[in-house]
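Each remark here refers to the structure printed beneath this line.
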Amino acid sequence: MTAAITIMALLFVALVALGVYATVKAVQATKRGVDRTITQARRTVEDTTLRAKSFGQTGVAGELAQLRLSLRTSMRATQDALNAGAAEDASLKETLGLFQRLSAHGLELDEELKRLEREPDRSRVAAQLPDLRERTERITHSADSLRWAARDRARKFAEDDLASLSAQIDLEAGALRHWDGDGREEPATASPSWPQAGGAPGADQGQVWPEEPERTQGAGTQTGEAQPQAITARDPRQQTAYPWQKSARPETTN
């Protein structure tokens, strides 16, 4: 009885621990989903604001907004392309490592551009614009190179796979169209129907049942030849009866 109570208590504790673990995982997943949604919404709002500034403002503010928008668009597109390709191509993992190092420089530049947007001394910001523009172009050029290289690699693999598949389909189609020398399709050989299936080659295709021997016609004999004796059929009533046979009924006379 004590052992049963102990087992029930252990099962209850295990179920409670499992429920707590599932609850914690669910809460964490929900939190990650909420954070992802908030980040996506904040990013969308910020991109929209930058796009509006780049088109609506002129001078230093518009230049800074244009640099930030170009940097963020290029880096985000490259990140999405590499993450999508790494799921199918393991060689892109090293490329992701290079992109992460490049992302560190990109994030640093983005933060610097954001601080300069709030800088009241526009003359100092204008003096730094050539250097900021050059850094932005270098980072975006590197990101674009990684992105287009990954896309070219994926397209090349797709073309090679399609070429191999097309070759296999052509071979299969040729095997299905097995033509003879006259250009006509060879008919499939039908299996002989029973009982010809077991017959010897070259045998008559008709019925192969044994024929009855011909009876000797006439009673005359030729000179020098022995006359065969006629075979007289037995009277059915004089045949020996077997245990499994029924006795013949006597004929009735009227």
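The table that follows gives values for the structure above.
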item: Set 110, 121: member being in contact with a Leu (Cβ under 9 Å, 6 or more places away or on another chain) and among the acidic types (Asp, Glu); result: 110
item: Subset of the stretch 134-151 (residues that are open to solvent by 80 Å² or more (accessible area, probe 1.4 Å) and without any contact (Cβ under 8 Å) to a residue 24 or more places away in the chain); result: 134, 137, 138, 141, 148
item: Residue among 9, 104 that is surrounded by fewer than 16 Cβ atoms within 10 Å (Cβ to Cβ), over 36 Å from the mean Cα position of the chain (by Cα) and closer than 27 Å to residue 143 by Cβ; result: 104
item: In the stretch 44-71, the residues that are farther than 19 Å from residue 128 by Cβ and within 46 Å of the chain's Cα centre (by Cα); result: 44, 45, 46, 47, 48, 49, 51, 52
item: Any hit, the stretch 152-161, residues being in a helix (DSSP H, G or I) and open to solvent by less than 50 Å² (accessible area, probe 1.4 Å); result: no
item: Per-region count, the stretch 107-133, residues closer than 15 Å to residue 65 by Cα, part of a helix (DSSP H, G or I), open to solvent by less than 100 Å² (accessible area, probe 1.4 Å) and not hydrophobic (A, V, I, L, M, F, W, C); result: 9
item: Any pair with Cβ under 9 angstrom, 6 or more apart, that starts in the stretch 73-91 at a residue that is farther than 15 Å from residue 149 by Cβ and ends at one that is hydroxyl-bearing (Ser, Thr, Tyr) and part of a helix (DSSP H, G or I); result: 73/140; 75/103; 75/140
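Rundown of residues vs (1) in contact with a Phe, Trp or Tyr (Cβ under 7 Å, 6 or more places away or on another chain); (2) more than 19 Å from residue 47 (Cα to Cα); (3) basic (Lys, Arg), yes/no style:
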{"site": "92", "(1), (2), (3)": "no, yes, no"}
{"site": "95", "(1), (2), (3)": "no, yes, no"}
{"site": "109", "(1), (2), (3)": "no, no, no"}
{"site": "116", "(1), (2), (3)": "no, no, no"}
{"site": "123", "(1), (2), (3)": "no, yes, no"}
{"site": "128", "(1), (2), (3)": "no, yes, no"}
{"site": "153", "(1), (2), (3)": "no, yes, yes"}
{"site": "163", "(1), (2), (3)": "no, yes, no"}
{"site": "167", "(1), (2), (3)": "no, yes, no"}
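Okay, residues lined up against (1) small (Gly, Ala, Ser); (2) open to solvent by 40 Å² or more (accessible area, probe 1.4 Å); (3) in a helix (DSSP H, G or I); (4) modelled with pLDDT of 85 or more:
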| site | (1), (2), (3), (4) |
| --- | --- |
| 27 | no, yes, yes, no |
| 32 | no, yes, yes, no |
| 41 | yes, yes, yes, no |
| 50 | no, no, yes, no |
| 71 | no, no, yes, yes |
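The values are calculated or read from the model by the stated rules, or taken from the named source; none is laboratory data. Here the structure is a predicted model, which means the values were calculated and not measured. Glycine gets a Cβ as well: all are built from the backbone with ideal geometry, and neighbour counts include every protein chain shown. Please note that ligands, DNA and RNA were not included when accessible areas were found on the heavy atoms of the full protein model with its side chains. Shrake-Rupley method; radii C 1.70, N 1.55, O 1.52, S 1.80 Å.
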